[in-house]
């Protein structure tokens, strides 16, 4: 060997005076080889600094022990916690996790999926699925291990989520029970089932408690959570001041709190604010935000466990099992932004 050229299994075989297949048998440890031959092989390994090609080995086995997590944006504060749950669980089971951000762009999502498949990823957890992400359904139909985290649209793909409808229903019902009657809603993009379900839960809670929905109390996102600063200020100046605002995510609620403060509106004395998520900042802002808490870490951890189970099942039986949807509970957390 010369310079920095890496030793190969053939070099080890020549050094030990044996065949390359014998070296493979010794290194695998699964087939008995006599002590003298084994010692010669290990002497060659140490002398030449040979390191097995783990990628080649994994390709031969059809496994790389690597999974991917695709999210809309790691800046969305629910996804760092979900990602931590995925990575912790994967690492404990000997898997590496690759993170990809789509920025809510289907073409970027497709690009990542196509590249990941050709790089021998064993499975993918997807938190970015959109209604027109038919390529994800096709991937599942082809037998590729996939688990959806938080978002899902039907029962054709394994998923870990909460009951978004019930979470919004419970949050809105709490506001009504505590005396609020003019409850505005800060709604995310309706093409996402998460927000459609949360809006439906809000409407049903109003109906069940004898309150009518007022379209003038509806604020809808157009380009991002920052929209709600001006939407809130506009709502206040319209003369349709609410006594509570239900935000369909915590980042929206944080923006709304800032808008209310800048407008000189006291929270919760004049207007209560309730969110959904329980992101880390929710407990740290002033006033601390009341919210419906998603078990974000558990969503990631259970999604990883489910994905590893799918990979093992596919290895064993050649096909994926029937998909299942795990619905985790969401808890109402009352802090100082509601009265």
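When each of 250, 158, 197 is tested for being farther than 19 Å from residue 292 by Cβ, in contact with a helix residue (DSSP H, G or I) (Cβ under 6 Å, 6 or more places away or on another chain), crowded, with 19+ Cβ neighbours inside 10 Å and at pLDDT 95 or above, the lone residue that passes is 158.
Taken as a whole, the structure places residue 320 among residues that are in a loop (DSSP other than H, G, I, E, B), within 22 Å of the chain's Cα centre (by Cα) and under 27 Å from residue 149 (Cα atoms).
Yes/no matrix, rows are residues, columns are (1) under 30 Å from residue 121 (Cα atoms); (2) touching a strand residue (DSSP E or B) at 6+ places or on another chain (Cβ under 9 Å); (3) assigned to a loop (DSSP other than H, G, I, E, B); (4) at pLDDT 95 or above:
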site: 292; (1), (2), (3), (4): no, yes, no, yes
site: 297; (1), (2), (3), (4): yes, no, no, yes
site: 314; (1), (2), (3), (4): yes, yes, no, no
site: 326; (1), (2), (3), (4): yes, yes, no, yes
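Is at least one residue of segment 171-185 assigned to a helix (DSSP H, G or I), under 18 Å from the mean Cα position of the chain (by Cα), assigned by TED's automatic domain parsing to the domain that holds residue 270 and under 16 Å from residue 251 (Cβ atoms)? No - not one qualifying residue is present in segment 171-185.
One residue stands out among those in segment 86-100 that are closer than 19 Å to residue 296 by Cβ and in contact with a strand residue (DSSP E or B) (Cβ under 6 Å, 6 or more places away or on another chain): the one that is surrounded by the most Cβ atoms within 10 Å (Cβ to Cβ), which is 86.
Filtering segment 141-155 to residues that are surrounded by 18 or more Cβ atoms within 10 Å (Cβ to Cβ) and farther than 18 Å from residue 99 by Cβ leaves 144, 152. Residue 292 fulfils the conditions (1) surrounded by 14 or more Cβ atoms within 10 Å (Cβ to Cβ); (2) farther than 20 Å from residue 169 by Cα; (3) within 21 Å of the chain's Cα centre (by Cα); (4) touching a residue at least 24 places away in the same chain (Cβ under 8 Å) except for a single criterion, (2). Determine, yes or no, whether residue 240 is under 21 Å from the mean Cα position of the chain (by Cα) and either in a loop (DSSP other than H, G, I, E, B) or assigned by TED's automatic domain parsing to the domain that holds residue 152 (or both). Considered against the rule, which asks whether it is under 21 Å from the mean Cα position of the chain (by Cα) and either in a loop (DSSP other than H, G, I, E, B) or assigned by TED's automatic domain parsing to the domain that holds residue 152 (or both), residue 240 comes out as no.
For segment 109-132, a residue qualifies if it is part of a helix (DSSP H, G or I) and surrounded by fewer than 16 Cβ atoms within 10 Å (Cβ to Cβ), and the qualifying residues are 110, 111, 114, 115, 117, 118. Taken over segment 328-339, the criterion of being at pLDDT 95 or above, within 17 Å of the chain's Cα centre (by Cα) and surrounded by fewer than 19 Cβ atoms within 10 Å (Cβ to Cβ) is satisfied by 328 alone.
The residues of segment 107-142 that are over 28 Å from residue 318 (Cβ atoms) and out of contact with any helix residue (DSSP H, G or I) (no Cβ under 8 Å at 6 or more places or on another chain), listed by number, are 107, 108, 111. Scanning segment 106-132 for residues that are closer than 20 Å to residue 193 by Cα, free of Cβ contacts under 8 Å to residues at least 60 places away in the same chain and under 16 Å from the mean Cα position of the chain (by Cα) returns 109, 126, 127, 128, 129. Answer yes if at least one residue in segment 165-183 is in contact with a strand residue (DSSP E or B) (Cβ under 8 Å, 6 or more places away or on another chain), touching a residue at least 40 places away in the same chain (Cβ under 8 Å) and surrounded by fewer than 17 Cβ atoms within 10 Å (Cβ to Cβ), and no otherwise. Within segment 165-183 (the criterion being in contact with a strand residue (DSSP E or B) (Cβ under 8 Å, 6 or more places away or on another chain), touching a residue at least 40 places away in the same chain (Cβ under 8 Å) and surrounded by fewer than 17 Cβ atoms within 10 Å (Cβ to Cβ)), the answer is yes, since at least one residue qualifies.
Annotation note: of 255, 265, the sole residue that is surrounded by fewer than 23 Cβ atoms within 10 Å (Cβ to Cβ), assigned to a helix (DSSP H, G or I) and touching a helix residue (DSSP H, G or I) at 6+ places or on another chain (Cβ under 8 Å) is 255. Tallying residues that are buried (at least 16 other Cβ atoms within 10 Å of the Cβ) and at pLDDT below 90 within segment 211-241 yields 1. Of all residues in segment 140-158 being under 18 Å from the mean Cα position of the chain (by Cα) and not in a loop (DSSP other than H, G, I, E, B), which is nearest to residue 73 (Cα to Cα)? Per the stated criteria, the residue is 149. Among residues that are in contact (Cβ under 8 Å) with a residue 60 or more places away in the chain and not assigned by TED's automatic domain parsing to the domain that holds residue 308, residue 189 is not included.
The values are calculated or read from the model by the stated rules, or taken from the named source; none is laboratory data. Predicted model only: the values in this text are computed from it and were never measured. Cβ: placed from backbone, ideal geometry, glycine included. Neighbour counts: every protein chain shown.
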